Amino acid sequence: MRLSTYFLPTLKETPNDAQIVSHRLMLRSGMIAQECAGIYHWLPLGLRVLQKVEEIVRQSMNEAGFLEVLMPTLQPAELWEESGRYDAYGKEMLRITDRHDRRLLYGPTAEEAITDIVRRFMKSYKDLPRVLYQIQWKFRDEIRPRFGVMRGREFLMKDAYSFDLDAESARETYRRVMHTYMVTFKRLGLKAIPVRADTGPIGGDLSHEFHVFASTGESDIYYDKAFDALDLKGDENDLNQLMNLYAMADTMHDPKNCPVPQEQLNHTKGIEIGHIFYSGTKYSDSMKATVMGEMGKQIPLESGCYGIGVSRLVGALIEAHHDDYGIIWPESVAPFKIGLINLKKGDSLSDETCEKIYHTLLSQGKEVLYDDRDESIGVKFSTMDLIGIPTQIIVGPRGLKDGNVEIKNRRTGEKILCTLDNLYQRI
Ligand code: P5A
């Protein structure tokens, strides 16, 4: 991609309504633009990151054998009356009336919609167990949308729903999802801790939130300091270790009954990037979702639901990976892997060399952003740092005299000289 023909509306000034670093950096780097309170446009650079995050989440779910569906954003009110949540959900639900005066709503979550599908098409114990998921926009009319995509009103969620024959296998599924989440977050470049949590309006008796530590996080968590020393690989062993560690949301933490001694406990802020629930037969009871059991009896489905805040993750990743100059993307979600900087546009050797490097990298399937603009060196450096491209190749007449270019590592700031011949090997 050539920056001269890209759409990257970066801002020089720090927007003063943005209170946290990820929100500021997303606006400044031209990733998003606000449409109205809690609702954002995703511009080309931001959309690339969102899609990478989405794809990592999707891959991990697919590898676990979970099945992707796509349900509409709009849902009929009747389904929610069946489950009893239509009134209970309150003002966070955006209610809509169509031209025939039929009551619809913009889905804040989809337990009812999925339960309706399952009760219509899964009739026998042989159809179970199944985990279905979607990656779809949700709407919650949050009273105080803030921090950009962290607490939006319209946001992208991966929501999965499991259906099992009995409680034991439902809990086993819950564990499998937990493991899948550890893999997902690891791949995204995040260290996430599962924390015991309240079930709130979703219901059920077992629930974990997944948090990344950040001073700007909106949640309070208490956890065993041993977590900090863990080097998580995302395997089954990690999950066992994590399950044995004390980690609680503040509403669940009872200092008097805490099994971990005070000095072994940390209290910190976290960003909730995922939340999973074992909801038992809550929805299948109210919505009469049963299957024919082996003995010919109708059995209510045991279910769980599992969320990941996909758009929130983009903000959380920036909270975890940035410095004073801007974003530092982990490789797996970087919008471009390589930034190519032409220090002297118009200098024929620089132009030719850059074109050659650009086309060679493209032909190798690399994602390159080539800054071919007629801008000052300072602007080019600061743009590339701001938008966080992990590796920069810097090309200018002075180095080229000796056949050299520079490679800069965005994370460490380290620059090395490299001959043109060696460049592709180094990259
Ligand atoms: C689980 C899947 C649910 O809705 N039903 C389906 C369950 N859980 S949840 O905790 O309410 O939401 C799941 C995740 O979505 C993200 N999230 C948000 N992201 C941005 N802005 C919001 N307003 C918002 N609300 C929830 C969080 O990451 C949450 O863990």
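The values are calculated or read from the model by the stated rules, or taken from the named source; none is laboratory data. Just so we're clear, the structure is a prediction, and the values are computed from it rather than from any experiment. We place every Cβ from the backbone using ideal geometry, glycine too, and count neighbours over all the protein chains shown.
Here are some notes:
- Some residue of the range 153-172 being in a loop (DSSP other than H, G, I, E, B), in contact with a Ser or Thr (Cβ under 9 Å, 6 or more places away or on another chain) and within 21 Å of residue 276 (Cβ to Cβ): no
- Scan of the range 303-332 for residues that are more than 16 Å from the ligand (Cβ to nearest atom) and not small (Gly, Ala, Ser), ordered by number: 321, 322, 323, 324, 325, 327, 328, 329, 330, 331
- Selection over the range 22-47 of residues that are surrounded by 19 or more Cβ atoms within 10 Å (Cβ to Cβ) and either in a helix (DSSP H, G or I) or at pLDDT below 95 (or both) gives a count of 9.
- Filtered residues of the range 344-361 (kept if in contact with a Phe, Trp or Tyr (Cβ under 9 Å, 6 or more places away or on another chain) and either farther than 16 Å from residue 424 by Cβ or not β-branched (Val, Ile, Thr) (or both)): 354, 355, 358, 361
- Residues satisfying the stated conditions in the range 137-150, i.e. surrounded by 18 or more Cβ atoms within 10 Å (Cβ to Cβ) and part of a strand (DSSP E or B): 138, 139
- Per the conditions (1) touching a residue at least 40 places away in the same chain (Cβ under 8 Å); (2) surrounded by fewer than 20 Cβ atoms within 10 Å (Cβ to Cβ); (3) within 10 Å of the ligand (Cβ to nearest atom), the sole criterion not satisfied by residue 200 is (1).
- Residue 186 being away from the ligand (no atom under 15 Å from the Cβ) and in contact with a Lys or Arg (Cβ under 9 Å, 6 or more places away or on another chain): yes
- Some residue of the range 51-69 being within 27 Å of residue 174 (Cβ to Cβ) and part of a strand (DSSP E or B): yes
- Every listed requirement among (1) closer than 16 Å to residue 344 by Cα; (2) surrounded by 19 or more Cβ atoms within 10 Å (Cβ to Cβ); (3) among the small types (Gly, Ala, Ser) is met by residue 378 save one, (2).
- Conditions (1) among the basic types (Lys, Arg); (2) surrounded by fewer than 20 Cβ atoms within 10 Å (Cβ to Cβ); (3) closer than 17 Å to residue 337 by Cα; number of the one not met by residue 373: (3)
- Residue match in the range 118-126 (condition: out of contact with any strand residue (DSSP E or B) (no Cβ under 6 Å at 6 or more places or on another chain), surrounded by 14 or more Cβ atoms within 10 Å (Cβ to Cβ) and among the basic types (Lys, Arg)): yes
- Every residue from the range 249-281 that is over 21 Å from the mean Cα position of the chain (by Cα), within 16 Å of the ligand (Cβ to nearest atom) and either farther than 27 Å from residue 302 by Cβ or in a strand (DSSP E or B) (or both): 250, 278, 279, 280
- Within the set 166, 228, 220, the sole residue that is surrounded by fewer than 17 Cβ atoms within 10 Å (Cβ to Cβ), away from the ligand (no atom under 16 Å from the Cβ) and under 30 Å from residue 283 (Cβ atoms) turns out to be 166.
- Qualifying residues in the range 108-158 (those that are among the small types (Gly, Ala, Ser) and within 20 Å of the chain's Cα centre (by Cα)) - the one nearest to the ligand (Cβ to nearest atom): 152
- Apart from one condition, residue 4 fits all of (1) touching a helix residue (DSSP H, G or I) at 6+ places or on another chain (Cβ under 9 Å); (2) farther than 30 Å from residue 174 by Cβ; (3) polar (S, T, N, Q); (4) in a helix (DSSP H, G or I); the exception is (1).
- All of (1) within 16 Å of the ligand (Cβ to nearest atom); (2) out of contact with any Pro (no Cβ under 9 Å at 6 or more places or on another chain) hold for residue 297 with one exception: (1).
- Strands (runs of 3 or more DSSP E) enclosed by the range 293-396 - at least 1 residues per element that are farther than 30 Å from residue 134 by Cβ: 338-342, 368-371, 391-395
- Among residues of the range 282-293 being of a type outside the set (Asp, Glu) and out of contact with any helix residue (DSSP H, G or I) (no Cβ under 6 Å at 6 or more places or on another chain), the one that is farthest from the ligand (Cβ to nearest atom) is 292.
- Of all residues making up the range 400-424, the number that are in contact with a strand residue (DSSP E or B) (Cβ under 9 Å, 6 or more places away or on another chain), farther than 25 Å from residue 321 by Cβ and among the polar types (S, T, N, Q): 2
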